[in-house]
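Novice: First the structure, then my questions, so here it is.
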Amino acid sequence: MKSLETWFKEYAVSHQNKTNIAIHFICVPAIFFSIVGLLMSIPSGILASVVPGANPFIENWAFVVLLLILFFYMRLSVKMALQILIFSAFCIIANYYIGQYAPLWVVSLIIFAVAWIGQFYGHKIEGQKPSFLKDLQFLLIGPAWVIQKIFEKK
């Protein structure tokens, strides 16, 4: 199994251009956020019968999927898993409140489409293909890479 540092080194190969990096700092979290919103938009009837009480923050498919994703990060780094957990909690809470005022799936789909357009534009500037075309696991490395870049010591 690759270490988190190995994943970051491979990811960094196609993320050298400052404009592309700046675009990723916006678009990668936006894509993650929008996917959480899309997952929260899936009817969660069966979950209501499994989860005791009525808690809209855990009674949704995003919560279930994010638990599985956190296992991926835990294998790589407990610190990164905790950072992703905090961002995931923010995504669930913010998407819940967006869903109170607008159709969440529509808002999420718009964010998703715009952010991917930005990502591909960034890679056009970079002159490199997106890393996930080599290995789909890079779709999970992107958010960790952004978090690591934000919090790395300068």
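Novice: Counting pairwise Cα distances across the chain, what percent come out greater than 26 angstrom? Walk me through the numbers on the way to the answer.
Specialist: Working: 3473 of 11781 pairs.
Of the Cα pairs, 29 percent sit more than 26 Å apart.
Novice: Compute the helix-to-body angle for 18-40: its Cα long axis versus the longest principal axis of the chain, expressed 0 to 90° and rounded to tens.
Specialist: For helix 18-40, the angle is close to 20 degrees.
Novice: How large is the accessible surface per residue of segment 1-98, computed with a 1.4 Å probe and reported in Å² as a whole number?
Specialist: Numbers: 5290 Å² over 98 residues.
Roughly 54 Å² per residue, with all protein chains present.
Novice: In whole percent, how big is the carbon plus sulfur part of the accessible area of the chain, probe 1.4 Å, protein atoms only? If you can, show how the numbers build up before the last one.
Specialist: Working: 6460 of 9020 Å².
Carbon-and-sulfur percentage of accessible area, whole number: 72.
Novice: Name the residues whose placed amide hydrogens come within less than 5 Å of the amide hydrogen of Ser77, ignoring near sequence neighbours (fewer than 5 apart) on the same chain.
Specialist: Excluding prolines and chain starts, which carry no amide H, there are no hits.
Novice: Taking the Cβ-Cβ separation of Trp116 and Arg75 as r and a Förster radius of 25 Å, what is the calculated FRET efficiency to the nearest 0.05? Intermediate results must be reported in sequence, preceding the final value.
Specialist: Values: r = 27 Å, r/R0 = 1.08.
According to the calculation, E is roughly 0.40.
Novice: While we're here: Let me know the shape class of segment 79-154, please: from the alpha-carbon gyration tensor, a ≥ b ≥ c as square roots of the eigenvalues, rounded when a/c is under 1.5, otherwise prolate if a/b is greater than b/c, or oblate. Each step should come with its number before you reach the end.
Specialist: Numbers: a/c = 2.24, a/b = 1.23, b/c = 1.83.
Oblate, because a/c is 1.5 or more while a/b does not exceed b/c.
Novice: Once every DSSP H run of n ≥ 4 in the chain is given -39500 (n - 2.57) and the sum is divided by its residues, what mean residue ellipticity at 222 nm do you get, rounded to the nearest 500 deg cm²/dmol? Show your work: numbers first, answer last.
Specialist: Values: 7 runs with 115 residues, N = 154.
That calculation yields -25000 deg cm²/dmol at 222 nm.
Novice: Could I ask something else about it? When only the heavy atoms of the protein chains count and the probe is 1.4 Å, how do Glu5, Glu152 rank by accessible area, highest first?
Specialist: Values: Glu5 100, Glu152 70 Å².
Largest to smallest exposure gives the sequence Glu5, Glu152.
Novice: Determine the shape class of segment 51-122: with a ≥ b ≥ c the square roots of the Cα gyration tensor eigenvalues, call it rounded for a/c under 1.5, and otherwise prolate if a/b is greater than b/c, oblate otherwise.
Specialist: On the way: a/c = 2.44, a/b = 1.08, b/c = 2.26.
Judged from the Cα gyration tensor, segment 51-122 comes out oblate (a/c at least 1.5, b/c at or above a/b).
The values are calculated or read from the model by the stated rules, or taken from the named source; none is laboratory data. This structure is a prediction, so every number in the text was calculated from the model and none was measured. For neighbour counting, all protein chains shown are included, and Cβ atoms are generated from backbone atoms with ideal geometry for every residue, glycine included. SASA here: full protein model, heavy atoms, side chains in, ligands and nucleic acids out. Shrake-Rupley method; radii C 1.70, N 1.55, O 1.52, S 1.80 Å.
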